[in-house]
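Trainee: Quick one: the structure is below, questions incoming.
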Amino acid sequence: MLAVRYDLERVKAAVTKDALRTRPPGMYRFRELTPLADGESPVTLGEGGTPLLALPRLAAHLGLRHLWGKDEGQNPTGSFKARGLGMAITKARTLGARGFIIPSAGNAGGAAAVYAAACGLPCAVIVPRGTPPAAVAEAAIAGATVFTIEGSIATAGKIVGAVAPQIGWFDLSTLKEPYRLEGKKTMGLELAEQLGWTLPDLLLYPTGGGTGLVGIPKGFDELRQMGWVSGRPRFVAVQAEGCAPVVKAFQAGAETTTPWDDPTTHAAGLRVPSPFAGRQMLRVLRESGGDAVAVSERAIVESQHLLARLEGVWTSPEGAALVAALAIMKDRGQVAADARVVIMLTGAGIKYTPPELPTPIDLSGGEEDIRAHVRHALGA
């Protein structure tokens, strides 16, 4: 796996924490810790700068005192994929790419399409059948050619790997180039600044391809080497029970993951049976004293409703899986009540068709009947 390395002493001399405060929001405010060359303009739609939301009511429900959610659903494409694909397409354009092709479980394809459109280059997206319709629509409306296939994102990845060199387009697959990682890394840079240049005790991350689970620690390590932060959080990978190759490998003490047969979950971003960065993710978990937790489909749905009901945040099922995992860990005694906990809410719930919704109450009849019906339904 290729990785970008920086002259951190030079970065430290070039920028200060105080100087950062005067810069506009967005992930390129950390320009010195990105691979942009001097004078290189990013392909940007305003990604990054997402809020770190205090979640006091959910914290109280779980028996915690300090809980935050970084809401990546407020990115331009409704998910954290905007960061990685914006950075990757920026660098690929600079390097002379003529077009892009990407396998996707949903949000990555949509993000690739809109950033390709923003720089005037063609894009093709290959997704498994059953990919959330909003993600397919996002890619299609941005002008990408969208293909659907039987199988998983791994199946799509094999097709992309074969076709990309034949047509001369840039392969944007996860960790096949180093720049998506650098975009995802900026979540960690922002988080450290938002916490007053401290790091959380525990960070939960929904784990599919795992670019963020590798990128965020990389960002923390760079800040640590610059003397801007100290300490190290425990990282927790969260997956669905129907597709949990990282959890299985972690619990077995394996050095890397093995392909998961018949991956099944409605959380499309977690439906990655053979993550490319399996070895790197397991190293992050073990070196940080972290953990890996699998949660049920029922728990994901219930946690999505719980977060919305308690905090007004409609997150993606991948983000909701973190709430379910945190509840499991708290019940097991693995999280102290006073621990500083961050959950990475990687996408907006509005991009997914919820598997279950309450049935709206139909109002009919005369005006007085309708008023009486409303009062009765509200218990008034």
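The values are calculated or read from the model by the stated rules, or taken from the named source; none is laboratory data. Quantities reported herein were computed from a predicted structural model and do not represent experimental measurements. Methodologically, a virtual Cβ is constructed for each residue, glycine included, from the backbone with ideal geometry; neighbour enumeration extends over all protein chains shown. In case anyone asks, the SASA skips ligands and DNA or RNA and just uses the protein heavy atoms, side chains included. Shrake-Rupley method; radii C 1.70, N 1.55, O 1.52, S 1.80 Å.
Trainee: Using label points projected 7 Å from each Cα along Cα→Cβ, tell me how many nm separate residue 356 and residue 194, to one decimal.
Mentor: Result for the modelled spin labels: 2.9 nm.
Trainee: Another one. Counting helices only, and only those DSSP H runs with n ≥ 4, report the 222 nm mean residue ellipticity of the chain as the sum of -39,500 (n - 2.57) divided by its residues, in deg cm²/dmol to the nearest 500.
Mentor: Working: 14 runs with 159 residues, N = 380.
That calculation yields -13000 deg cm²/dmol at 222 nm.
Trainee: Lysines within cross-link reach of residue 248: Cα-Cα under 23 Å, excluding same-chain residues under 8 positions apart?
Mentor: Straight-distance partners of residue 248: 330.
Trainee: Under the rule of at least 5 residues apart or a separate chain, name every residue whose amide H is placed under 5 Å from the amide H of residue 149.
Mentor: So residue 149 has HN proximity to 127, 129.
Trainee: Inverting the mean 1/r over all pairs of different Cα atoms, compute the Kirkwood radius of the range 1-127 and quote it in Å. Don't skip to the end; give the middle numbers.
Mentor: On the way: mean 1/r = 0.0599 Å⁻¹.
Radius from the Kirkwood sum: 16.7 Å.
Trainee: Continuing with this model, one more query. Rounded to the nearest 0.05, what FRET efficiency do residue 17 and residue 248 have when you use their Cβ-Cβ distance and R0 = 45 Å?
Mentor: 0.65
Trainee: Once the other residues with Cβ under 15 Å from the Cβ of residue 331 are scored (Lys, Arg +1; Asp, Glu -1), what is the net sum?
Mentor: Details: positive: 330, 332; negative: 291, 302.
Surrounding charge for residue 331 is 0.
Trainee: For all pairs of alpha-carbon atoms in the range 37-112, what percent lies in each bin of width 5 Å, listed from the first bin to the last filled one?
Mentor: 3, 14, 18, 17, 14, 11, 9, 6, 4, 3, 0
Trainee: Given the peptides 292-305, 189-202, 355-368, arrange them by the average over their residues of other C-beta atoms within 10 Å, most packed first. Write out the running numbers ahead of the final one.
Mentor: Working: 292-305: 21.0, 189-202: 18.3, 355-368: 8.1.
Top of the packing list down: 292-305, 189-202, 355-368.
Trainee: Along the range 120-136, what does the Karplus equation 6.51 cos²θ - 1.76 cosθ + 1.60 (θ = phi - 60°) give for ³J(HN,Hα), rounded to whole Hz, x for Gly and Pro?
Mentor: With coefficients 6.51, -1.76 and 1.60, one gets x, 10, x, 8, 10, 10, 10, 10, x, 4, x, 5, x, x, 5, 5, 5 Hz.
Trainee: Among the lysines, which have Cα under 22 Å from the Cα of residue 185 when same-chain residues fewer than 8 positions away are ignored?
Mentor: Reachable lysines: 12, 17, 70, 81, 91, 176, 218.
Trainee: Can you give me the convex hull volume of the Cα atoms of the range 183-259, divided per residue and expressed in Å³? Numbers along the way, then the final one.
Mentor: Numbers: hull volume 7.7 nm³, N = 77.
Given the Cα convex hull of the range 183-259, per-residue volume reads 101 Å³.
Trainee: At 1.4 Å probe radius, can you tell me the per residue accessible area of the chain in Å²?
Mentor: Values: 15930 Å² over 380 residues.
About 42 Å² of surface per residue is accessible.
Trainee: Under 5 Å between amide hydrogens, which residues at least 5 positions from residue 170 or on another chain qualify, with H placed 1.01 Å from N in the peptide plane?
Mentor: The answer is 98, 99, 100, 101.
Trainee: Give the calculated FRET efficiency between residue 159 and residue 119 to the nearest 0.05, with a Förster radius of 22 Å applied to their Cβ-Cβ distance.
Mentor: On the way: r = 24 Å, r/R0 = 1.09.
The computed FRET efficiency comes out at 0.35.
Trainee: Another one. Output the peptides 272-284, 126-138 sorted from most to least packed, where packing is the average of other Cβ atoms within 10 Å over each peptide's residues.
Mentor: Details: 272-284: 21.5, 126-138: 19.7.
Highest-to-lowest ranking by the protection proxy: 272-284, 126-138.
Trainee: Moving on to the next point. Across the range 58-63, in residue order, what do the Karplus-derived ³J(HN,Hα) couplings come to in whole Hz, using 6.51 cos²θ - 1.76 cosθ + 1.60 with θ = phi - 60° and x for Gly and Pro?
Mentor: Coupling constants for the range 58-63: 5, 4, 4, 4, 8, x Hz.
Trainee: Can you tell me which of 307-315, 87-95 comes out highest on packing, and rank the rest after it, using the mean Cβ neighbours within 10 Å? Please list the in-between numbers first.
Mentor: Working: 307-315: 18.4, 87-95: 23.6.
Listed from highest to lowest mean packing, they are 87-95, 307-315.
Trainee: Quick check: pseudo-label points 7 Å beyond the Cα along Cα→Cβ at residue 309 and residue 167, how many nm apart are they?
Mentor: 4.6 nm
Trainee: Computed on alpha carbon atoms, what radius of gyration and Dmax characterise the range 81-207, expressed in Å?
Mentor: 15.3, 49
Trainee: Tell me, how many Å apart are the Cα centres for the range 333-357 and for the range 1-72?
Mentor: Cα centroid to Cα centroid, the span is 20 Å.
Trainee: Taking amide H positions as placed in the peptide plane 1.01 Å from N, state which residues far from residue 295 in sequence (5 or more) or on other chains have amide H under 5 Å from it.
Mentor: Those qualifying (amide H under 5 Å, at least 5 residues apart or on another chain) are 239, 240, 241.
Trainee: From the convex hull of the Cα coordinates of the range 326-380, what is the mean projected area in square nanometres? Write down the numbers at each step before the final one.
Mentor: Values: hull surface 30.7 nm².
Mean orientational projected area (the range 326-380, Cα hull): 7.7 nm².
Trainee: With just the Cα atoms of the chain, tell me how far they stretch along each of the three principal axes, in Å, largest first.
Mentor: 69, 47, 47
Trainee: With all distinct Cα pairs included, what does the Kirkwood hydrodynamic radius of the range 292-354 come out to in Å, to one decimal, could you say? If you can, show how the numbers build up before the last one.
Mentor: On the way: mean 1/r = 0.0833 Å⁻¹.
Answer for the range 292-354: a Kirkwood hydrodynamic radius of 12.0 Å.
Trainee: Summing +1 for each Lys or Arg and -1 for each Asp or Glu, what net charge is found among the other residues whose Cβ lies under 15 Å from the Cβ of residue 312?
Mentor: Details: positive: 57, 309; negative: 71, 311.
Combined, the nearby Lys, Arg, Asp and Glu give 0.
Trainee: What percentage of the solvent-accessible surface of the range 294-366, computed with a 1.4 Å probe over protein heavy atoms, is contributed by carbon and sulfur atoms?
Mentor: Working: 1800 of 3250 Å².
Carbon and sulfur: 55 percent of the exposed surface of the range 294-366.
Trainee: In sequence order, what are the phi-derived ³J(HN,Hα) couplings for the range 73-86 according to the Karplus relation 6.51 cos²θ - 1.76 cosθ + 1.60 with θ = phi - 60°, rounded to whole Hz, with x for glycine and proline?
Mentor: Karplus-based 3J(HN,Hα) across the range 73-86 equals x, 8, 6, x, 9, x, 7, 5, 4, 4, 5, x, 6, x Hz.
Trainee: Give the relative contact order (percent, whole number) for the range 83-202; include only Cα pairs under 8 Å separated by 6+ residues.
Mentor: Relative CO of the range 83-202 lands at 32 percent.
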